[in-house]
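Structure record follows, encoded as structure tokens.
The values are calculated or read from the model by the stated rules, or taken from the named source; none is laboratory data. It should be emphasised that the depicted structure is a prediction, and the values quoted were computed from it without experimental measurement. As a convention, Cβ positions derive from the backbone with ideal geometry for all residues, glycine included, and neighbour counts pool all protein chains shown. Heavy atoms of the whole protein, side chains included, go into the accessibility calculation; ligands, DNA and RNA do not. Shrake-Rupley method; radii C 1.70, N 1.55, O 1.52, S 1.80 Å.
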Amino acid sequence: MKVYTLQKSKFLVLVFIITFSLQNGYSQSGDSDISFGGNLGIGFGNDTFSGVIEPYAVYNFSEEFAAGIGISFGYTESNNFTAFNYGGSLLTFYSPIPEIRLSAEFQEMGVSRTFERIGVEDVKQDYWYPSLFFGAGYRLGNISVGIRYDVLYDEDKSIYGSAYVPFFSVFY
């Protein structure tokens, strides 16, 4: 009983510290150097669906330039396979004008996928897959909508249905 209470107390202190840290970051003036946000991505192609959620932390060097890190979680489904993925990324943003956001992102993903074969044992694969995205989006305040292109796209290994991946981003 005592150990459980101690663990619960440590957990509450950790939650308090994280919450206080985030509040402190948001309570700065409106032009904070650090932004938090991310992407929602959906891809379609060749009877394939893929969706991804990518939270990011970005440092704004200026009104035009920003760079940061992110983590990714995704799911892909096709006629004969399903895949789950996870990983991280390094990204940069350039806004030549406030309404346009250009991006470059290197992403390394761990992929776990299963091919379903009728009458035969399913084939399971686990591997790492790199992506290098170049993207462009329209930005209105904290929201960006656009498309990214993976120049390293490999049809046999990629978790995306196509080299083109649309996105929806929000940053605060």
**Message:** Starting from 0.36 nm per residue, how many nanometres of slack lie between ASP126 and PHE168 once their C-alpha separation is accounted for?
**Reply:** 12.3 nm
**Asked** With a sphere of radius 9 Å drawn around the Cβ of GLY70, what net charge do the other residues whose Cβ falls strictly inside it have (Lys, Arg +1; Asp, Glu -1)?
**Response** -2
**Request:** Can you list which of the GluC sites (Glu not before Pro) found in the stretch 31-118 are DSSP loop residues with at most 14 other C-beta atoms within 10 Å?
**Result:** GLU63, GLU64, GLU99, GLU116
**Complete:** The percentage of the accessible area of the stretch 67-154 (probe 1.4 Å, all protein chains present) made up of carbon and sulfur atoms, to the nearest whole number, is 64 percent
**Message:** Net charge within 12 Å of PRO130 by Cβ-Cβ distance, Lys/Arg positive one each and Asp/Glu negative one each, not counting PRO130 itself?
**Reply:** -3
**Asked** Accessible area per residue of the stretch 90-142 at 1.4 Å probe, in Å²?
**Response** 60 Å²
